[in-house]
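Asks: Take this structure, written in C-alpha cells, and hold onto it; I'll ask about it next.
The values are calculated or read from the model by the stated rules, or taken from the named source; none is laboratory data. All values reported here derive from a predicted model rather than from experimental measurement. When we count neighbours, we look across all protein chains shown, and the Cβ atoms used for this are built from the backbone with ideal geometry, even at glycine. The protein model used for the area step is the full one, side chains on, heavy atoms only, and it has no ligands, DNA or RNA in it. Shrake-Rupley method; radii C 1.70, N 1.55, O 1.52, S 1.80 Å.
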Amino acid sequence: MNILITGTRTGVGKYLAEHFLESGHQVIGCSRRPSSIEHPKYHHHQIDLSEISQVKRMFREVRHEHGYLDALINNAGTSTMNHFMTTPDETARRIFDLNFFGVLNSCREAVKLLRKSREPSTAILNISTVAVPWALEGHLVYTASKRAVEQLVWVMSKELAGFDIRVNALGLPPVRTVLTRTVSQSKIDALVERQAIRRMCTMPDILGPVEFLIGRQSAFVTGETVMLGGVR
Ligand SMILES: NC(=O)c1ccc[n+]([C@@H]2O[C@H](COP(=O)([O-])OP(=O)(O)OC[C@H]3O[C@@H](n4cnc5c(N)ncnc54)[C@H](OP(=O)(O)O)[C@@H]3O)[C@@H](O)[C@H]2O)c1
C-alpha cells in the first residue's frame with residue numbers, strides 16, 4: 001500500500017511509519033523539521049501543514065512520484081494547556097490552522113490520489129483525542145479543533161462514500177510523546193483513572209485499530225470515531 005502519514009518525525013506518526021515500512025508498505029511522511037526515518041521505501045516532505053500552498057506542493061510531488069495513495073493518516077497535531085482566558089488569539093488560530101485546516105486541506109488533496117488507487121476501498125483516518133468526550137479543562141481550543149475534525153468525519157464520510165473512500169477517526173488516550181512531555185505523571189495518572197481500561201495506552205495499542213481502520217477488514221466502516229481505552 002501507499003500510505004501517507006502526517007507528523008512522522010516523532011511520536012505516534014513515527015511509530016506508525018516505521019511499522020508500515022517494516023511490513024513492506026511505501027510510506028510518505030512529513031513534518032516541519034527534517035526526517036528522523038531512514039528507509040528505502042520512505043519519502044519525507046519537509047513542510048508546514050498549516051500552509052495550504054505547502055500542503056498542495058507535497059501532494060503534487062506525491063502524484064508525480066507515486067501516482068496514487070491507498071490511505072491517508074492525518075496524525076500531525078498540536079495542543080497547549082491553558083485556561084481559555086489566557087490562551088492568546090494567535091495560539092488558538094495556530095492550533096486550528098494545523099489540527100483542522102491542515103486536515104481539511106490534506107483530505108481535499110488526498111482524495112484526488114485515493115481515487116487513483118487500485119484498492120476496492122481506500123481510507124482516510126484522522127487522529128483525535130479522548131480529551132474531546134472528557135471536555136478536558138485547559139484544552140478548550142485543542143478539543144474544539146478535534147471536535148471539528150470529528151464533524152468533518154461525519155460529513156466527509158457521506159460525501160466520499162460514492163468514491164469508495166472511507167473516513168474515520170481514532171481518539172487516543174494519553175500516550176507518552178513530545179506532545180505530553182510537560183504533563184506531570186500525577187496528571188497522567190488521574191487521566192488514566194478515567195479510562196475503563198486503567199493503564200497507560202501504548203503504541204501497540206494504537207497500531208491494531210489503525211491497521212483495521214485503514215485496511216480491507218473495515219471496508220464497511222465509515223463515519224466512525226473510535227475512542228481507545230473505554231472512554232465515552
Ligand atoms: N500524545 C498523546 O497523549 C495524545 C493523546 C491524544 C491524541 N493525540 C494526538 O495524536 C497525534 C500525534 O501526537 P503525538 O503525541 O505523536 O505528537 P508529537 O510527538 O508532538 O508529534 C507531532 C508530529 O507532528 C509534526 N508536526 C507538528 N506540527 C506540524 C506542522 N505544522 N506541519 C507539519 N508537521 C507538524 C511534528 O514534527 P515537526 O515538529 O518537525 O513539525 C511531529 O512529527 C496528534 O494529532 C495528537 O493530537 C496525542
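Asks: What are the semi-axes of the equivalent ellipsoid of region 2-227, taken as the square roots of 5 times the eigenvalues of the Cα gyration tensor, listed largest first and rounded to whole Å?
Replies: Values: eigenvalues 144, 72, 65 Å².
Sorted largest first and rounded, they come to 27, 19, 18 Å.
Asks: Loop only by DSSP, 15 or fewer other Cβ within 10 Å of the Cβ. Give me the trypsin sites (Lys or Arg not before Pro) in region 1-35 that pass, ordered by residue number. Numbers along the way, then the final one.
Replies: Numbers: sites: 9, 14, 32; in loops: 9, 32.
Filter output for region 1-35: 32.
Asks: Among 56/158; 56/187; 146/187; 158/187; 112/158, which pairs are too far apart, with a Cα-Cα distance over 28 Å?
Replies: From 56/158; 56/187; 146/187; 158/187; 112/158, over 28 Å: 56/187; 158/187.
Asks: Please list, in chain and number order, the residues 5+ apart from residue 171 or on another chain whose amide H is under 5 Å from its amide H, with Hs placed from the backbone.
Replies: Sorted by chain and number, the residues that satisfy this are 128, 226, 227, 228.
Asks: So in region 1-129, what percent of DSSP beta bridges are antiparallel if you round to the nearest 5?
Replies: 0 percent
Asks: Using Cα-Cα distances under 8 Å and only pairs 6 or more residues apart, what relative contact order does the chain have, in percent?
Replies: About 19 percent, as a whole number.
Asks: Calculate, for region 105-177, the solvent-accessible area per residue in square angstrom, rolling a 1.4 angstrom probe over the heavy atoms of the protein chains. Kindly include the intermediate steps, with their values, before the conclusion.
Replies: On the way: 2860 Å² over 73 residues.
Solvent-accessible surface per residue comes out at 39 Å².
Asks: Sorted by mean Cβ packing within 10 Å, highest first, what order do the peptides 157-165, 66-74 take?
Replies: 66-74, 157-165
Asks: Using +1 on the beta carbon of Lys and Arg, -1 on that of Asp and Glu, and nothing else charged, what's the dipole of region 122-229 about the Cα centre, debye to 20?
Replies: Computed about the Cα centre, the dipole is about 220 debye.
Asks: A further question follows. On the accessible surface of the chain, probed at 1.4 Å, how many percent belong to carbon and sulfur atoms?
Replies: It is 52 percent, rounded to a whole number.
Asks: Remind me, what semi-axes does region 1-42 give for its equivalent ellipsoid, largest first in whole Å, using sqrt of 5 times each Cα gyration tensor eigenvalue?
Replies: The three semi-axes for region 1-42 are 15, 9, 9 Å.
Asks: Just tell me which lysines come within less than 19 Å, Cα to Cα, of residue 14; anything on the same chain fewer than 8 places away is out.
Replies: 41
Asks: Hey, can you list the DSSP H helices of the chain whose Cα span along the axis is 20 Å or longer and whose average Kyte-Doolittle score is at least -0.5? Could the numbers behind the result be given before it?
Replies: Values: long enough: 52-66 (21 Å, -1.17); 140-161 (31 Å, 0.37).
Membrane-span-like by this criterion, though nothing is claimed about a membrane: 140-161.
Asks: At 0.36 nm per residue, minus the direct Cα-Cα distance, what do residue 90 and residue 36 gain on full extension? Give it in nm, one decimal, please.
Replies: Working it through step by step, the gained length comes to 16.5 nm.
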